[in-house]
Amino acid sequence: MRQKPNFIIPEWADWVLAFAAAGGIWLWMNSISQPTTSVSITLVALVLKVVIVVVVYFLVWVIIRSLAEPSRLYGQGLKILNQEVKPRLDIVTKQLEALRILQGDGIANDVQTLNEALRLTQDDIIGQLREQNGIPFFNGMIELRPKVDALAKLVPGHVLMLQKPSLVENFADKVAENRQGLRGYLEFCQDMAKRVSSGEIFSMTTGARMLSALVNVLPKGSTQ
């Protein structure tokens, strides 16, 4: 299984390298410029230098950010997986074991549904996403996280109701509602697993990443 990239370009490297490139261009242009006594020519040359330096700064910043983005997002995706998704899946797994020992109508189907949902989540979704680069992995964790969180809240209550039916009014209706939620999560997993396997989701072209990075650089007011 793929592990976290060995090296992640730090956030400060974006602007430091961009500043260094812009500074280098400025020094180079100064070294090749010819002295002149014309004020207008001097002002035009200065404006052109400033424009070129600004363009170089943002271009280098965007390129470095785009190149570093996959490794950074992979690390962020691992953080979401280890700190949020996995602990909630552990809760569901423990509740599944408690569910297995219960008896009653529909419980066998609950076990089967939940067991298949967990298998898809762990193997066909998380397992496959970890083999891909940082962008699909991170975006996949973002999509999976709220679903797993909802499941971790649903299953303990469902198991408790099955263990102690007398604690709940409208027992049959609430159990039916919970089972619909379990089936809904399974259907989500089946759909997401197909999309992960086909590679049709979570991908973003380099050009789109660069555009996104550039938009983040621009002042908020400039987009209005």
Simple label model, 7 Å out from Cα along Cβ direction - Gln122 to Phe19, nm: 4.8
Karplus-derived 3J(HN,Hα), 6.51/-1.76/1.60, for each residue of the range 72-81, Hz, glycine and proline x: 5, 5, 4, x, 5, x, 5, 5, 4, 4
FRET E, pair Gln103, Lys153, Förster distance 22 Å, beta-carbon r, rounded to 0.05: 0.35
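Hey, with R₀ at 35 Å, roughly what FRET efficiency would Thr42 and Trp12 work out to, going by the Cβ-Cβ distance, to 0.05?
Numbers: r = 35 Å, r/R0 = 1.00.
Result of the calculation: an efficiency of 0.50.
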Cα-projected label distance for Phe58 with Ala176, points at 7 Å along beta-carbon direction, nm: 5.9
Ranked list, fewest to most other Cβ atoms within 10 Å of each Cβ, for Asp124, Asp14, Asp110: Asp124, Asp14, Asp110
Whole-angstrom gap from the range 134-187 to the range 101-129, using each part's C-alpha centre: 11
Pair Asp191, Val168: separation of 7 Å Cα→Cβ label points (nm): 2.5
FRET efficiency for Asn30 and Gln83, using Cβ-Cβ distance with R0 set to 41 Å, rounded to 0.05: 0.25
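None of the figures in this text is laboratory data; all of them are computed from the coordinates on show. As the structure is a computational prediction, the values presented were derived from the model and not from experiment. Virtual Cβ from ideal backbone geometry, glycine too; neighbours counted across all protein chains shown.
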